Amino acid sequence: LLSGSHQRRLLDQIAEHYPNFRSSLAFALEEQDFVSAARLAEGLWRFWELRGMLAEGRSWLERCLKGGPLPPELRVRLLDGAGMLAWRQGDFSDATRYFGEALACCGASNPTIPMRSRLHNHAGLVELFSGNLAAAISDFEVALAEPEAAQCPGEAAAVRANLALAAIERGRLFEAMRLAEEALAVQVAGGDRHGQAVCLLHRAIALYYSGEPSSAAGEARVAAGIFEELGDNRNLSFCLLLLAGCLAETHPGLAV
């Protein structure tokens, strides 16, 4: 759901058939087929995240996690999804707990799970938005050092886009723009529309704080168009807020 030119089509297809998915989840849980329910929930959590169905999605994920024993890799992916939805809701305490448990499951006993980079990246986001800048940077750097980051350019690009946010917090705006541009080039090459929009938004924030509101507005407009296309209203709202800031002095009525 977060790679390739098929993103919008798949998201729209899931939305069209979502009542069937919801019924299937309920049926599997009622039948105590926890593995089938977990596999379906693991496949849906990105949809729940992008389409803003945070409370419902988190409820399904938590029911699957509490239902019964699951294969370790499947449990890790459910914990990752639950952590991301909790982070989106601003529940940083539970998000940290979910990511911590997932990383523990990825320890020496389960060395085949290729998730450590993504989990450290997501844990870093929680630290960043909690105001723990040093811990966030540490998590992002660990994420980049994990083997799967080297094997998956898109994963590494996502980490660099988040490091750009950390650089903005540190006032290192040139570094932030460089990181966002590096990540954007990778996401464009891979056809990841959502990844491109995130990079554009982060670069726009850096441009805004660099005193270039016109350039920032241009980047934010492009990012907003992609987020609207994919139905990601949360990030679309960030783009609109940034646009309002860029236009506040020159077009105050439009900014409002």
Plugging the Cβ-Cβ distance of GLU249 and ASP12 into 1/(1 + (r/R0)^6) at R0 = 41 Å yields, to the nearest 0.05, a FRET efficiency of 0.60
Taking Cα atoms only, helix 133-145 is inclined relative to the longest principal axis of the chain by an angle, in degrees rounded to 10, of 70
Taking the chain and counting helices only, DSSP H stretches of n ≥ 4 at -39,500 (n - 2.57) each over all residues, the nearest-500 ellipticity at 222 nm comes to -26500 deg cm²/dmol
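How charged is the neighbourhood of VAL159? Take every other residue with its Cβ under 13 Å from the Cβ of VAL159, and add Lys/Arg as +1 and Asp/Glu as -1.
My count for the surroundings of VAL159 gives -3.
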With the 8 Å Cα cutoff and a minimum separation of six or more residues, the chain has a relative contact order in percent of 15
Candidate cut points under GluC sites (Glu not before Pro) in region 33-94, DSSP loop plus at most 10 other Cβ atoms within 10 Å of their own Cβ, are none
For CYS106, the accessible surface traced by a 1.4 Å probe with all protein chains present amounts, in square angstrom to the nearest 10, to 10
When the charge dipole of region 3-45 is computed with +1 at the Cβ of Lys and Arg and -1 at the Cβ of Asp and Glu, the Cα pointing farthest to the positive end, of ASN20, LEU10, ALA41, is that of LEU10
With Cα coordinates, the longest principal axis of the chain makes an angle with the long axis of helix 7-30, in degrees rounded to 10, of 30
Diffing region 58-70: the Karplus 3J(HN,Hα) column from phi (6.51, -1.76, 1.60, θ = phi - 60°), in whole Hz with x for Gly and Pro, holds 5, 4, 5, 4, 5, 5, 5, 5, 8, x, x, x, 10
Relative to the chain, whose Cα atoms define the longest principal axis, helix 173-190 and its Cα axis are tilted in degrees, nearest 10, by 50
Calc'd 3J(HN,Hα), region 77-86, phi into Karplus 6.51 cos²θ - 1.76 cosθ + 1.60 (θ = phi - 60°), Hz, glycine/Pro = x, comes to 5, 5, 4, 4, x, 4, x, 5, 5, 5
Read-out Rg/Rh (Cα atoms, Kirkwood Rh), candidates [x] 0.98; [y] 1.06; [z] 1.12; calculated match is [x]
One finds, for ASP33 and ALA104 with R0 = 30 angstrom and r their Cβ-Cβ distance, a FRET efficiency to the nearest 0.05 of 0.70
The alpha-carbon center of region 124-176 and that of region 5-77 are separated, in whole Å, by 28
Gyration tensor on Cα atoms of region 57-109, a ≥ b ≥ c root eigenvalues, a/c under 1.5 rounded, else prolate if a/b beats b/c, else oblate, says oblate
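The values are calculated or read from the model by the stated rules, or taken from the named source; none is laboratory data. On a predicted model such as this, the values are computed, not experimentally measured, just so you know. Glycine gets a Cβ as well: all are built from the backbone with ideal geometry, and neighbour counts include every protein chain shown. These area figures cover heavy atoms from the full protein model, side chains too; ligands, DNA and RNA do not enter into them. Shrake-Rupley method; radii C 1.70, N 1.55, O 1.52, S 1.80 Å.
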